[in-house]
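Have a look at the structure below, then the notes.
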Amino acid sequence: MKTNRIFLIVLDSFGIGELPDAAEFGDTGSNTLLSVSQSSEFRVPELEALGLFHIDGVCTQKEKGTPMASFARMAEQSKGKDTTIGHWEISGIVTENPLPVYPNGFPKSVIDEFEQKTGKKTICNKPYSGTKVILEYGKEQIETGALIVYTSADSVFQIAAHEEIVPVEQLYQYCETARAMLTGENAVGRVIARPFTGEYPNFTRTQNRRDFSLEPIGTTVLDCLKEAGLDVLSVGKIWDIFTGKGITKRYVAHNNAEGMAAVFEAQKSEFHGLCFINLVDFDMLYGHRNDVDGYARALHEFDEQLKLFLKNMRSDDVLIITADHGCDPATESTDHSREYIPMLIYGETVKHGVNLKTRDCFCDIAATIADVFEIDRFAEKINGTSFWSEVHKEIEDNI
């Protein structure tokens with residue numbers, strides 16, 4: 001039996017322990033899974049049954065029985081720890097040169113050009129937590145109309161403004177202006193619109209966030225699938241991360257609930273190819289806000305939805321669950337963390353309990369997807385080593 005559909009779900013920021021080079025990124029001791037597993041809200045029986053706690057290095061609970069899925073721990077080869085680089089590597093691109101970061105804010109030349117092109121003054125221009133920056137600068141933004149420009153430990157140029165002062169579509173236009181000018185040595189991974197509402201000091205970021213990403217620097221497995229005539233469905237911010245490149249259908253989703261609703265819609269549809277999903281709440285709402293219990297609750301909610309997803313899987317479906325980096329909510333930092341990520345692969349055509357050990361590149365997921373769909377001649381430009389032959393179980397088609 002051939003696989004007809006792959007569902008690739010990225011639990012945004014669900015790292016499982018520090019990488020050997022974590023100290024270079026200031027992330028010694030980070031372990032997102034271990035931290036959230038200490039919460040009383042942490043209950044993930046479906047992920048446990050699939051084999052999450054069998055993965056090398058994971059020591060949150062004792063192993064119980066043979067996992068339903070095969071599994072691996074995956075190391076990041078690219079030089080970074082952010083969403084863009086993580087997803088690019090999952091799709092087959094190794095980013096050898098890190099994207100630029102701005103621990104002291106953006107150069108005056110960048111700010112001057114942005115202000116000149118938009119006709120708007122800016123305030124802040126420092127690395128900041130997204131919730132703190134609107135608390136400390138939101139009142140000034142409302143009073144002056146200036147744009148709050150800030151960054152983080154990641155390669156991002158973020159623009160925040162109150163929706164009643166700067167309409168959302170206008171904010172998007174300012175972001176497009178920044179995206180067009182941030183090239184060369186200042187080619188940040190993402191320009192992010194961060195609209196907010198409310199009155200001081202009770203400001204709230206809205207779900208009208210939008211990412212304006214750098215176009216992928218190479219060929220991805222999405223490109224290969226599309227070129228081979230297969231479907232590539234995106235859910236959530238996957239479209240933004242890849243600037244729509246290699247995608248044939250888009251499902252808009254602003255949070256985990258909308259994301260999983262789109263997944264269930266896609267699961268009922270007829271397509272042949274890949275459905276690539278990002279579930280953003282783990283990172284956006286809980287990791288960056290150091291909310292251990294919230295992160296644990298979100299994992300439990302996903303686990304409940306996963307139970308229904310598994311029940312509705314077809315015999316020719318394959319599910320892959322992974323992450324893109326860490327964001328340990330129990331550390332002092334509110335930034336992403338340099339961690340291993342989990343990989344669980346499940347389906348009727350997948351063997352139970354194969355320990356694929358520690359893989360040295362996220363790209364192995366892309367290579368495996370290409371292998372599953374037998375598109376080798378389209379996939380020569382992507383990196384990674386397929387593990388499909390190690391986990392594939394031959395099943396005869398029912399006649």
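The values are calculated or read from the model by the stated rules, or taken from the named source; none is laboratory data. Remember, it's a predicted structure, so these values are computed and weren't measured experimentally. All Cβ positions, even for glycine, are placed from backbone atoms using ideal geometry, and neighbour counts span all protein chains on display.
For the stretch 187-204, filtered to residues that are surrounded by 15 or more Cβ atoms within 10 Å (Cβ to Cβ) and either among the basic types (Lys, Arg) or in contact with a Lys or Arg (Cβ under 8 Å, 6 or more places away or on another chain) (or both), the residue that is nearest to Glu215 (Cα to Cα) is Arg190. When we screen Lys357, Lys351 for residues that are of a type in the set (Lys, Arg), surrounded by fewer than 21 Cβ atoms within 10 Å (Cβ to Cβ) and on the phi < 0 side of the Ramachandran plot, the only hit is Lys351. All told, Thr358 falls short of being in a loop (DSSP other than H, G, I, E, B), farther than 23 Å from Ala228 by Cβ and in contact with a strand residue (DSSP E or B) (Cβ under 9 Å, 6 or more places away or on another chain). All conditions but one from (1) over 21 Å from Lys81 (Cα atoms); (2) over 21 Å from the mean Cα position of the chain (by Cα) apply to Leu182; the one that does not is (1).
Of the residues examined, Ala262 is not one that is touching a helix residue (DSSP H, G or I) at 6+ places or on another chain (Cβ under 9 Å) and either crowded, with 18+ Cβ neighbours inside 10 Å or modelled with pLDDT of 95 or more (or both). Within the stretch 254-278, the set of residues being part of a strand (DSSP E or B) and either outside the structural domain of Lys311 (by TED's automatic domain parsing) or under 13 Å from the mean Cα position of the chain (by Cα) (or both) comprises Phe276, Ile277, Asn278.
Residues of the stretch 88-125 being more than 19 Å from the chain's Cα centre (by Cα), surrounded by 17 or more Cβ atoms within 10 Å (Cβ to Cβ) and modelled with pLDDT under 95, which ones? If the condition is that a residue be more than 19 Å from the chain's Cα centre (by Cα), surrounded by 17 or more Cβ atoms within 10 Å (Cβ to Cβ) and modelled with pLDDT under 95, then no residue fits. One residue stands out among those in the stretch 219-238 that are small (Gly, Ala, Ser) and touching a Phe, Trp or Tyr at 6+ places or on another chain (Cβ under 8 Å): the one that is surrounded by the fewest Cβ atoms within 10 Å (Cβ to Cβ), which is Ala228.
When the residues of the stretch 254-289 are filtered to those that are of a type in the set (Asp, Glu) and in contact (Cβ under 8 Å) with a residue 40 or more places away in the chain, the one that is farthest from Asn208 (Cα to Cα) is Asp283. Of Leu34, Leu19, Leu52, which residue is within 25 Å of His352 (Cα to Cα) and touching a strand residue (DSSP E or B) at 6+ places or on another chain (Cβ under 7 Å)? After ruling out the rest, the residue left standing is Leu52. Out of Pro342, Pro329, report the one residue that is in the same structural domain as Gln38 (by TED's automatic domain parsing), assigned to a loop (DSSP other than H, G, I, E, B) and not charged (D, E, K, R). From the options Pro342, Pro329, the qualifying one is Pro329.
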